[in-house]
Every structure is written in C-alpha cells, then in structure tokens.
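Only one structure is covered here, and it is reproduced in the block below.
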Amino acid sequence: MVSTGATANRRSDPIMNFLLVLSVFALFFMMVFVPTVYQAPKGVFLGVAFSIILFRLLSGRLCLNRSIVFITGLMAVNGLFFVLLGVVRGAPGAINVCTVYVIWPLIFAVLIAGVSKEEVINKLFLLLLTASASAAIYMIIFILQGPLGLLSGKYFVNIFPNGTYGVSLGGGLDYMGISFLSMPPFLFVVPFLLAALMSWPLESGMPVKRLYLWAVFFIGMLIIIISGKRAYLLILAVSPILTYVLQRFSPRRNRKAYSAPVRRVLVVGLLMMVAIVGYLHYAYNIQVTGLLNHFSSGFNFKTGGASPMMREEQYHALMNAWSRRPLLGAGLGAVDWASVRNFKMPWAYELSYVALLFHVGIIGFAIYSIGVLWIIWKSVQIIRSGERLGLYVLPVLVGMISFLIANATNPFLEKFDYIWVLFLPIALINYHLSTNGRNKFNRLEPGESFT
C-alpha cells in the first residue's frame, strides 16, 4: 500500500517541476539578456530554484559529485579566508565582496546539480542562444532608431530601469563605439557559437540547428564590430585558434572529421565579416583603418588614449602594493589609494587578475588558478574520451576561456550575473562524473557525418 506521504510527494512533483523549470530558465534568460539589473526578480527566481534543487539534492534525487563539492568548497574557503583577512586589515570592501567570493560559488554549486538530464542541457543551450539573440535584436533596434535614425522610436521599448537604455556611446569618426549593458555575455556566446559551428556534426541530434547557430553568430559578430570594443574584437580573432587547439585533443577519427566544417566556417565567417564591414563603410562611412587603429591603440600605453594609460598606472600601483605583501596579499576588499577608478567601490579594478594578486597574494592566486585549471583539465578529459558530451563541452570551454581572457581588463566575474560562465562547464563535468560516463551521450559512430 502506498503511503499518504509518498502520494502527496508524487502529486506535488509536477508543480515543483514546473516551478523549477520556470525559475531556472527565467533566471538564466535574465542573466544573459539584462545582466546586472532587475536583481529583485532574479532573487525570487534564484530562491525558488535553489530551494527545490537543494531539497532534491539532500533527499538523494539529484547528485553533486564529490570532486565538484571539494573544488567548489576549496574556492569558497579560500574566499572566506581572504575576506576575513581583509576585515582584520581594515579593507573597506571586504564585506561587500563576500557574496562574490564565498556565497555565490556555493549557491551555483547547488544549482548545477539540477543539470541532471540531457534534455536539461539541450534546453539550457537553446535558452542561452535565444537570450543572446534577443539581446542582439534589442541592440540592433536601438542602433537603427538611435545613432542611425532609420527606424521610428515608436518601435523601441526601453527595458532598462532609470531611462538608461543600457547603452553608452563612445566611438570616434571612424567607428561607432556603442557599448550595451547586455554585451558581456557575447564574450562567451560568440566564441561558443564559432566553436560549435567548427565542431558539431550536421546530423547528430545536437541541441541547436546550424541555421540558428549561423543566425545568432552573424548578429553577434555584427554587434561586436559596431561596438568597436577591443576585448570583443580580440576574442573574435582568438576563438578560432582556441577552438582548433582544443579540437586537437579529440580522438583521431573526430579530428579528421573536423577539417571540412572548420574550412567552411572560416570561409563563411570571413565573408560575413567582409560583408558587415563593407556595408557599414558604404552606408555610414565606418572605416576599417579607424577600427584597426582603435584596436591597436589599446596596446599602446603611451599614446593610446586615457584608458590604456590609466591601466598602465593601475598595473604599476597594484604591483607595487602587492610587493609589500606578496604571499597573502592585502586581503579581499583592500584598496590601493595610489590608483582608484571608482570611488564608490575603490576596491574594484579593471585589471582584475592583477587586482586579485594584490588582494590574495601568491598563495590565494595559486588556489584560484587550480580551480580554473581543474575545469580545463576535466573538460579536456571529456573531449578526449570521444563521447558525444565532448561535443557539448568543447564550445563551452572555448566560451569560458575567451571570457576569462576578456576578464583580465574587465572585472565581469565580480558580478553575480556572469558567474554562470564558470559553472556551466562545471555542470557538464558534474553530469559526466555523476553518471560515470554512462549517459545518453553515446560515442560518435565512425561513419557519422560531421559535414
């Protein structure tokens, strides 16, 4: 005879499943589409998703691999130690950064246990691209009715609070220089798309159709070129190389199959770029030379403008401050008053990795590096295994590494809305480890077409 409690649990499961799917997907969509704003509704969705997943995790219905628990716990303990060190040493931002370095990693570690089925992974990938496409379309509509004046303002609805439009205008005579609040996820998404197009077979049941991949990649590349932002242009150039390097870790039969899609993507991608730049030059006099000069000036600390000069000043100030406490640093939330860019949060610096070294010293920096290297190592192991899951992991890893490169001069990972970049690959690793490789992502058959 079935107990009343078991019956009640079964009856509540559809409701809990609906709430879980709604909260997770809404939260993820908002983190990609409108990052750093609407934190109150995000908090509600986060609370619902966290509570349900934690309950199922504690009741044994979901699994979080011990390796994930250890590595995440190590990062959180490391963060807690250096937050306390900052408090002891009077760092003004120690309490403020506690969420980023201690609480959020633990919460995301619980959330990834919810990625327990192939269907969930497929839907997350589709949602990621849908949110990115929505953000890109919003940006394009703004450009058409704003800077270019080609579209009536009645077609544009501002979705950002305080009348900001989520946009800042820079640029010069030769490039637009438009920066959108929704742009940072593209540092992950565009490399992810490029790697997926270079790696995913044509007919293999991948979660997103290639036509959709091409469409989102095209509008993502368009936004990057229009923005003229150096970090994004750098990632656009580096991601094909990074993808090629990671493909070398695949089994030999997979590597041979990659050649045709790689050539196709590079050719079509180059043609897309030429078409975009050519049209922008013809219609709006955006100069290729101006864009290239703007990009190269970011590496010239003497004549490249105010931003590169300030970053050089910041680098020397932070390195000098770190040299006084090289092993343990000054503690998280500490400030070097010789170089401050934001007086509301003086402990936040653009050179995020140099700042991290200043805050946590060689020991703390090495521990954080171990965490990142562990993600890369486990991901490469899955790629080398020849499992279909490796085809999912490869573009995610390309996206993560690309984002980390850009994060060197833009402290994105100090905000809640971007931490998913690190935990999406961890979710795939947890899925692999929890099933011991015995999952629906079977190995590719030798005759399966990549082209």
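Averaging the Cα positions of each part gives two centres, and for segment 351-415 and segment 247-276 these lie 24 Å apart. Spin-label model, GLN39 to VAL87: label points 7 Å out along the Cα-to-beta-carbon direction sit 2.0 nm apart. Summing Cβ point charges (Lys, Arg +1; Asp, Glu -1) relative to the Cα centre of segment 14-434 gives a dipole of roughly 880 debye.
Rg over Rh for segment 30-143 works out to 1.05, both radii taken from alpha-carbon positions and Rh defined as the Kirkwood radius. For GLU119 and ARG325, the difference between the fully extended length at 0.36 nm per residue and the C-alpha to C-alpha distance is 69.3 nm. For segment 401-417, 3J(HN,Hα) computed residue by residue from phi via the Karplus equation (6.51, -1.76, 1.60; θ = phi - 60°) reads 5, 4, 4, 5, 5, 5, 5, 4, 10, 8, x, 5, 6, 8, 10, 4, 5 Hz, glycine and proline entered as x. Placing one identical point scatterer on every Cα of segment 14-434 and ignoring solvent, what is log10 I(q)/I(0) from the Debye formula at q = 0.07, 0.10 Å⁻¹? The calculated log intensity ratios at q = 0.07, 0.10 Å⁻¹ are -0.35, -0.74. Going from the residue with the fewest nearby Cβ atoms within 10 Å to the one with the most, THR72, THR243, THR99 rank THR99, THR72, THR243.
For ILE140 and MET16 in one chain, what is 0.36 nm times their gap in residues minus the Cα-Cα distance, to one decimal in nm? Intermediate values should be presented prior to the final figure.
Numbers: separation 124, 0.36 × 124 = 44.64 nm, distance 3.75 nm.
Answer, rounded to one decimal: 40.9 nm.
Close Lys pairs in segment 14-434 (alpha-carbon distance under 22 Å; sequence gap of 8 or more, or different chains): 8.
Put in order of Cβ neighbour count within 10 Å, fewest first, the listed residues HIS432, HIS316, HIS359 become HIS316, HIS432, HIS359.
Bear in mind that the values in this text are calculations on the coordinates, not laboratory data. Since we're looking at a predicted model, the values are computed, not measured. No Cβ is skipped: glycine too gets one built from the backbone with ideal geometry, and neighbour counts run over all protein chains shown.
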